[in-house]
Amino acid sequence: MANVTSIINLRALRQSCGDCGLNQLCLPASIGGHDLDRLDHVVRQRPALERGDILFHEGAVQPSLFIVRAGSLKTYTTLAEGDVQILGFHLPGELVGLDGLSDAGHRCTAEVLERTIVCEVPFDSLTEVAARIPGLQQQLFRIMSREFSRELGHPVMMGRKQAISRLAILLRSLSERLEGIGHDPHEITLSMSRQELANYLGLVIETISRLFSRMQTLGVLKVDRRTVRILDPAALATLAEMADDESL
């Protein structure tokens with residue numbers, strides 16, 4: 001009897017896609033009942049990961065998609081000279097691993113920034129189930145398109161000469177993404193370090209500190225260690241859209 005009870009408890013602990021707080025981001029509104037059961041058999045919830053853990057390595061052949069259920073990750077690539085370039089930060093409800101669907105394997109490494117839970121979805125199984133569930137394939141394409149669009153934002157941001165614009169673009173993006181999962185868009189808890197921010201933005205850490213101080217002086221933000229409170233969203237948007245030949 002003890003073994004039976006243990007099995008029942010483990011099953012009860014496993015949260016299904018239908019019960020997940022992110023299901024509106026991942027699933028079409030029409031899905032339910034037997035279709036959800038099909039999907040639950042495909043999705044694997046991985047054990048919790050801690051800061052510094054690697055979800056997948058650059059070059060690894062692992063044709064799975066990962067959905068961030070809680071926490072956050074960074075993706076980065078190692079350059080020819082051995083330096084690391086951070087490519088993106090990934091929040092709850094977002095896909096990681098699209099780069100690994102080719103036979104060449106992942107083009108980047110995904111590393112955990114804080115205690116994080118992900119769902120793993122083998123791509124072959126997902127496409128097979130999606131073909132049988134109306135709306136799921138279209139939702140999958142929408143999510144993939146959103147992630148590709150977000151990835152394209154990094155080189156566009158890096159093209160800005162104004163350092164303050166780069167930081168403003170990132171903060172505005174994080175704010176919008178938090179709002180999309182029902183969080184307060186005006187309060188951002190940065191899971192990444194100042195050094196990681198500097199790497200992503202193509203700046204030095206001293207510049208990041210100076211920019212945060214400048215934005216506080218302008219009344220745009222209030223910064224308390226890793227917590228950033230957006231006081232003036234309109235001013236932040238103005239900084240994000242500021243032309244390279246403009247000055248404060």
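Taking (1) in contact (Cβ under 8 Å) with a residue 24 or more places away in the chain; (2) at negative phi; (3) over 18 Å from the mean Cα position of the chain (by Cα) in turn, residue 180 satisfies each apart from (3).
Would you be able to tell me the number of residues in the stretch 114-136 that are surrounded by fewer than 16 Cβ atoms within 10 Å (Cβ to Cβ) and part of a strand (DSSP E or B)? Residues meeting the conditions: 1. A Cβ distance below 8 Å, combined with a sequence gap of six or more or placement on separate chains, defines the contacts here; from the stretch 126-148, residues that are touching a residue at least 40 places away in the same chain (Cβ under 8 Å) reach residues that are surrounded by 13 or more Cβ atoms within 10 Å (Cβ to Cβ) and β-branched (Val, Ile, Thr) in the pairs 126/42; 129/42; 133/31; 135/31; 136/31; 136/129. Criterion first (β-branched (Val, Ile, Thr) and at pLDDT below 75) does residue 121 satisfy it? Judged against the criteria, residue 121 is not a match.
If you go through the stretch 184-208 and pick out every residue that is without any contact (Cβ under 8 Å) to a residue 60 or more places away in the chain, assigned to a loop (DSSP other than H, G, I, E, B) and among the hydroxyl-bearing types (Ser, Thr, Tyr), you end up with 1. In the set (1) under 22 Å from the mean Cα position of the chain (by Cα); (2) in the same structural domain as residue 220 (by TED's automatic domain parsing), residue 164 fails one condition alone, (1).
The values are calculated or read from the model by the stated rules, or taken from the named source; none is laboratory data. Everything numeric in this text was worked out from a predicted model, so none of it was measured. Note that we place each Cβ from the backbone using ideal geometry, even for glycine, and neighbour counts take in every protein chain shown.
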